[in-house]
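A quick write-up on the structure given underneath.
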Amino acid sequence: MNTLQVEGVGLMAPGLVGWSHGRAVLSGARPYVAEAMPTAIAALLPANERRRTTATVKLALQVAQEAALQADIDPSTTPTVLASSGGDSEVLDKICAALTLPDRPVSPTHFHHSVHNTPAGYWSIATRCAAASLSLSAYDDSFAAGLMEAAALAWTDRTRVLLVAYDLPPPFPLSECREIVAPFAVALALSPAPTGRRLATLQLARNAERPASRLDDPQLEILRRGNPAARSLPLLRAIAHSIASRVTLSTGESGGLELEIEP
């Protein structure tokens, strides 16, 4: 059976800032406290691009950079898969507001940032990456969809792949139609071949019989259910515990994605 090696993890969420701290919380070594998340910086970006870009882009790039550094991969040659349920809702809100005004003064910068693959574009600028990149959305199951796409790419091309999943709470009034409880971003550096840097080995299989895995901590479970990217938390918890385990991620009407995890 094909396997995936997890070589690096990037993580940003309230109370889970960076994989080192997040791992301690998810393994039970520290209690979870949903402290305010610091502003993402995206230090890889040149100063001009960093000033123009948005919180969504900075959050996605920060976790991508953390995972890439941890795995010691070359970001300029590594394919990427980026998954987000809604893209940059702050920019979409500004565009919608502009469309209600006389002459509809939509900012070209906002229009530029509204496309779903904007973070992928900024990642390629920051890293000079010309490798393949895919940006996708599958509503609440976006992380699982991204993981399946990353696995297919890694196995088909026998290459390392960087998976990035992210979502931020939309502003009012979009929040009345789509509630996301807190920002969350995660990145996994994945390899189809065993390496000395692996944090875990994953085996993927479809299983329509098993429900999605949940978390025992009530506050972490609220976060898991309240942000599509945070549906990754059961997998991250299993990696943090460094024990053999099984996790199921929802993939919508088609059933679940079952992950066998070996430390």
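The values are calculated or read from the model by the stated rules, or taken from the named source; none is laboratory data. No experiment lies behind these values; they were computed from the predicted model shown. Note: ideal-geometry Cβ built from the backbone for every residue, glycine included; neighbour counts use all protein chains shown. Surface accessibility is based on the protein's heavy atoms, side chains included, excluding ligands, DNA and RNA. Shrake-Rupley method; radii C 1.70, N 1.55, O 1.52, S 1.80 Å.
Observations on the model:
- Taken over segment 213-263, residues that are in contact (Cβ under 8 Å) with a residue 40 or more places away in the chain and over 25 Å from Ala182 (Cα atoms) amount to 9.
- Flag for Thr201 being at pLDDT below 95, in contact with an Asp or Glu (Cβ under 8 Å, 6 or more places away or on another chain) and among the hydroxyl-bearing types (Ser, Thr, Tyr): no
- Residue check, Pro263 surrounded by 23 or more Cβ atoms within 10 Å (Cβ to Cβ) and either within 17 Å of the chain's Cα centre (by Cα) or not aliphatic (A, V, I, L, M) (or both): no
- Some residue of segment 2-10 being surrounded by 24 or more Cβ atoms within 10 Å (Cβ to Cβ), of a type outside the set (Phe, Trp, Tyr) and touching a Gly at 6+ places or on another chain (Cβ under 6 Å): no
- Applying a threshold of 8 Å to beta carbon distances and a minimum spacing of six or more residues, or different chains, the list of pairs starting in segment 17-33 at a residue that is farther than 20 Å from Pro218 by Cβ and ending at one that is open to solvent by less than 60 Å² (accessible area, probe 1.4 Å) and in a loop (DSSP other than H, G, I, E, B) reads Val17/Met37.
- Test result for Ser242, of a type in the set (Ser, Thr, Tyr) and over 18 Å from the mean Cα position of the chain (by Cα): yes
- Among residues of segment 175-210 being of a type in the set (D, E, K, R) and touching a Ser or Thr at 6+ places or on another chain (Cβ under 8 Å), the one that is farthest from Val81 (Cα to Cα) is Arg210.
- Restricting attention to segment 160-193, the residues that are touching a strand residue (DSSP E or B) at 6+ places or on another chain (Cβ under 9 Å) and either open to solvent by 50 Å² or more (accessible area, probe 1.4 Å) or within 22 Å of Asn117 (Cα to Cα) (or both) add up to 19.
- Hey, Asp157 among the acidic types (Asp, Glu) and crowded, with 21+ Cβ neighbours inside 10 Å or not: no
- Filtered residues of segment 54-75 (kept if surrounded by fewer than 24 Cβ atoms within 10 Å (Cβ to Cβ) and either touching a helix residue (DSSP H, G or I) at 6+ places or on another chain (Cβ under 6 Å) or not in a helix (DSSP H, G or I) (or both)): Thr54, Asp72, Ile73, Asp74, Pro75
- Every test in (1) small (Gly, Ala, Ser); (2) open to solvent by less than 40 Å² (accessible area, probe 1.4 Å); (3) not in a strand (DSSP E or B) is passed by Gly196 save one, and that test is (2).
- Residues in segment 96-113 that are assigned to a helix (DSSP H, G or I) and surrounded by fewer than 16 Cβ atoms within 10 Å (Cβ to Cβ) were compared, and the one that is nearest to the chain's Cα centre (by Cα) is His112.
- Residue, modelled with the highest pLDDT, within segment 15-48, restricted to residues that are open to solvent by less than 40 Å² (accessible area, probe 1.4 Å) and within 19 Å of Asp88 (Cα to Cα): Ala40
- Residues in segment 114-133 that are surrounded by fewer than 18 Cβ atoms within 10 Å (Cβ to Cβ), touching an Asp or Glu at 6+ places or on another chain (Cβ under 9 Å) and within 15 Å of Leu162 (Cα to Cα): Ala132 only.
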